[in-house]
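J.: Starting off with a structure, shown below.
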Amino acid sequence: YAQLLGQADTWRLCFLYSLTFGGFVGLASFLSVFFHDQYHLSKVQAGDFTTLVVLSGSFLRPVGGWLADKIGGYRLLLALFACVAVCLVVVSALPPIAMVIPALFLSMGMLGMGNGAIFQMASQRFSADIELLTGIVGAAGGLGGFFLPSILGALKDISGSYGTGLICFAGLMGVSVLL
């Protein structure tokens, strides 16, 4: 573990996975509350819409790994993070639900594809230590998924709007493209 934790690429992959998997899991646990509170949907409807957008990310994860093999994980992540940022900017404006669902469907799909791209990159960079690295990177993703809903909720409490947290997450995705 010490050898892997001493390498900058380990930390980069952890950060990226905390955004892709953490973003996916964090949003999945947050969206039912968001749909219910923001759009006044019943809890069942909120759960149904959450399920719909989550399916996108779940089914597209292997597509992300496949695309990463074709064009490179790094290139794919640049495009995915930029597109997720744009979609989250749209959602942060809190438009009608008819615009929010497709934007979140795309966001979750791209986060799922990002998960596949991360592990394509990890296997290329750390082929000899992939077993240990996947545990480390997976833990970082879990932490991202734990912290995101808390941060989104706290920003909603502070600002009074769900848009604040969503625009901050969009900004983080945009900054990630630059990093």
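The values are calculated or read from the model by the stated rules, or taken from the named source; none is laboratory data. Keep in mind the model is a prediction, meaning the values are calculated, not measured. Because the Cβ atoms are built from the backbone with ideal geometry, glycine has one as well, and the counts that use them run over all protein chains shown. SASA here: full protein model, heavy atoms, side chains in, ligands and nucleic acids out. Shrake-Rupley method; radii C 1.70, N 1.55, O 1.52, S 1.80 Å.
J.: Considering each residue of the stretch 130-142, count those that are among the hydrophobic types (A, V, I, L, M, F, W, C), surrounded by 15 or more Cβ atoms within 10 Å (Cβ to Cβ) and touching a Cys at 6+ places or on another chain (Cβ under 9 Å), and give that number.
T.: Number satisfying all stated conditions: 3.
J.: Please work out which residue is nearest to L76 (Cα to Cα), limiting yourself to the stretch 143-158 and to residues that are open to solvent by 60 Å² or more (accessible area, probe 1.4 Å) and in contact (Cβ under 8 Å) with a residue 40 or more places away in the chain.
T.: In this case the residue turns out to be L143.
J.: With the structure loaded, tell me whether F34 is touching a helix residue (DSSP H, G or I) at 6+ places or on another chain (Cβ under 8 Å), closer than 24 Å to A79 by Cβ and aromatic (F, W, Y) or whether it fails that test.
T.: Numbers: touching a helix residue (DSSP H, G or I) at 6+ places or on another chain (Cβ under 8 Å): yes; closer than 24 Å to A79 by Cβ: no; aromatic (F, W, Y): yes.
The answer is no for F34.
J.: Filter the stretch 90-107 for residues that are within 25 Å of S159 (Cα to Cα) and crowded, with 18+ Cβ neighbours inside 10 Å and give the result.
T.: Of the stretch 90-107, the ones within 25 Å of S159 (Cα to Cα) are 90-101, 103-104, 107.
Answer for the stretch 90-107, where residues must be within 25 Å of S159 (Cα to Cα) and crowded, with 18+ Cβ neighbours inside 10 Å: V90, V91, S92, V100, A103, L104, S107.
J.: Ok, one more. Hey, can you tell me all the residues within the stretch 39-55 that are assigned to a helix (DSSP H, G or I) and not small (G, A, S)?
T.: If the condition is that a residue be assigned to a helix (DSSP H, G or I) and not small (G, A, S), then Y39, K43, V44, Q45, D48, F49, T50, T51, L52, V53, V54, L55 are the ones that fit.
J.: Anything in the stretch 56-85 that is part of a helix (DSSP H, G or I), surrounded by fewer than 16 Cβ atoms within 10 Å (Cβ to Cβ) and either of a type in the set (K, R) or without any contact (Cβ under 8 Å) to a residue 12 or more places away in the chain (or both)? List them, or say none.
T.: Those that are part of a helix (DSSP H, G or I), surrounded by fewer than 16 Cβ atoms within 10 Å (Cβ to Cβ) and either of a type in the set (K, R) or without any contact (Cβ under 8 Å) to a residue 12 or more places away in the chain (or both): K70, I71, R75.
J.: Given the conditions (1) charged (D, E, K, R); (2) in contact with a helix residue (DSSP H, G or I) (Cβ under 6 Å, 6 or more places away or on another chain); (3) more than 24 Å from V175 (Cα to Cα), report the number of the one that D48 does not fulfil.
T.: (2)
J.: Does S127 count as modelled with pLDDT under 95 and open to solvent by 30 Å² or more (accessible area, probe 1.4 Å)?
T.: Considered against the rule, which asks whether it is modelled with pLDDT under 95 and open to solvent by 30 Å² or more (accessible area, probe 1.4 Å), S127 comes out as yes.
J.: Okay, next question. If a residue must be aliphatic (A, V, I, L, M), more than 18 Å from the chain's Cα centre (by Cα) and surrounded by 13 or more Cβ atoms within 10 Å (Cβ to Cβ), how many such residues does the stretch 42-55 contain?
T.: 1
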